[in-house]
1. Go ahead and estimate [θ] at 222 nm for the chain from helices alone: -39,500 (n - 2.57) per DSSP H run with n ≥ 4, summed, over the residue count, rounded to 500.
2. Summing +1 for each Lys or Arg and -1 for each Asp or Glu, what net charge is found among the other residues whose Cβ lies under 13 Å from the Cβ of PRO71?
3. All other residues with a Cβ under 14 Å from the Cβ of LEU21 taken together, and with Lys, Arg as +1 and Asp, Glu as -1, what is their net charge?
4. At 7 Å along the Cα-to-beta-carbon direction for both VAL48 and VAL83, put a label point, then send me their distance in nm to one decimal.
5. Going by alpha carbons, how many degrees (0 to 90, nearest 10) lie between the helix axis of 39-64 and the longest principal axis of the chain?
6. Read through the labelled values (1) 16.6; (2) 16.1; (3) 21.1 and report the label of the one computed as Kirkwood radius over Cα pairs in Å from the structure.
7. Go through region 1-31 and name the chymotrypsin sites (Phe, Trp or Tyr not before Pro) that are in a DSSP coil and have 15 or fewer other Cβ atoms within 10 Å of their Cβ.
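Readers should treat all values here as calculations from the given coordinates under stated rules, not as data from a laboratory. Quick caveat: nothing in here was measured; it's all calculated off a predicted structure. Cβ atoms come from the backbone with ideal geometry, glycine included; neighbour counts cover every protein chain shown.
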Amino acid sequence: MDTKEITGWAIAALGIILVALSYSAVRAYLKIPALPVSDIYIMLAGAVILVVGGFLAFRARQAAEVPHEVPIYEGHGKERKVVAYQRMHKK
C-alpha cells in the first residue's frame, strides 16, 4: 500500500465515523453530548468526506498499477524478442 492510498482510506474512515455520529442513538450509546450542528449537516459532511477518501484511495491504487517500463519487441510469433525497454513518464 502506498501512503496516498492509506491517507485516502483514513479520510474515508473519518467520513464513516462522522456519518455514525450523526445518529442520536449512536451518540447516546457512546455518551457523547448533543452536537451544536444539525444531524443532517453532520451526515452530509461525513458522506462527502467518505466519497472523497474513497476516490483518493482508488485513484492512488490505479496510479500504482501503471508500469514504469514496457518492453519493445522486434519480430513476430516465436521469433519475437525484446530489443529495448521504454520508460513511462509520470502524469
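1. -19000 deg cm²/dmol
2. Charge balance in the 13 Å sphere: +1.
3. Combined, the nearby Lys, Arg, Asp and Glu give +1.
4. 5.5
5. Rounded to the nearest ten degrees, it is 10.
6. Entry (1).
7. Listed in order of number, the matching sites are TYR23.
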